[in-house]
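Report on the structure given below.
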Amino acid sequence: MQIFEFEIPAHTTRREWAVYVIVARQNTTNNKIFYVGKVGDNRDGCNPIISRIGNHFSHNKIHSQLRNKISETTLFDYKVYYATFGQYKIETQNTDKEKVNELERQLNRYIQQNLQTLDNIEFLNPYKAVGVSKKKENDRQQLLTEDERKKLKELADRATI
């Protein structure tokens, strides 16, 4: 019998808008798989980041986008990088949800840029902007501040070192 432990920092239990990168490193080859996601895209607000990450390993296919793409999850070790962008407030849920969606898209773009020069990687969900008009894309770009873009770039850089 083995006894294991892992820590859950208090900040991971806060109800905040967040975007994240999961880096799965295969135990035997060191190949890496990347996944970009967010919290706060459901009808009932946003869950803490720890809940969302845990759901990725659920056997409920609705919540487990990572398990749906990596059938043998036990062959990988995982590292999660994330940044928060404000506390969840029901009064501003709709506009905040639009913003977190754009935060995720921009983080995804930065990850794609960083991964272009790396070997032995797979990106499970690259953003492609298919069917999005230039006007819509420009409108979405206006949702983020330069400070938020900088924070996303730092997050992408840290996750892809």
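Which condition number does LEU66 fail, the rest of (1) touching a Gly at 6+ places or on another chain (Cβ under 9 Å); (2) at pLDDT 95 or above; (3) of a type outside the set (Ser, Thr, Tyr) being met?
The failed condition is (2).
If you take just the strands (runs of 3 or more DSSP E) that sit entirely in segment 14-131, which of them hold at least 3 residues that are among the aromatic types (Phe, Trp, Tyr) and in contact (Cβ under 8 Å) with a residue 24 or more places away in the chain?
The qualifying strands (runs of 3 or more DSSP E) are 76-87.
Give the residue, chosen from GLN2, GLN106, GLN87, GLN26, that is at pLDDT 95 or above, open to solvent by 60 Å² or more (accessible area, probe 1.4 Å) and out of contact with any Cys (no Cβ under 6 Å at 6 or more places or on another chain). Break it down stepwise before answering.
Values: GLN106 fails: open to solvent by 60 Å² or more (accessible area, probe 1.4 Å); GLN87 fails: at pLDDT 95 or above; GLN26 fails: open to solvent by 60 Å² or more (accessible area, probe 1.4 Å).
After applying the criteria, what remains is GLN2.
The values are calculated or read from the model by the stated rules, or taken from the named source; none is laboratory data. Bear in mind that the values here come from a model prediction, so they are computed numbers and not experimental data. So basically every Cβ, Gly included, is an ideal-geometry build from the backbone, and we count neighbours across all protein chains shown. Only protein heavy atoms, including side chains, enter the accessible area calculation; ligands, DNA and RNA are left aside. Shrake-Rupley method; radii C 1.70, N 1.55, O 1.52, S 1.80 Å.
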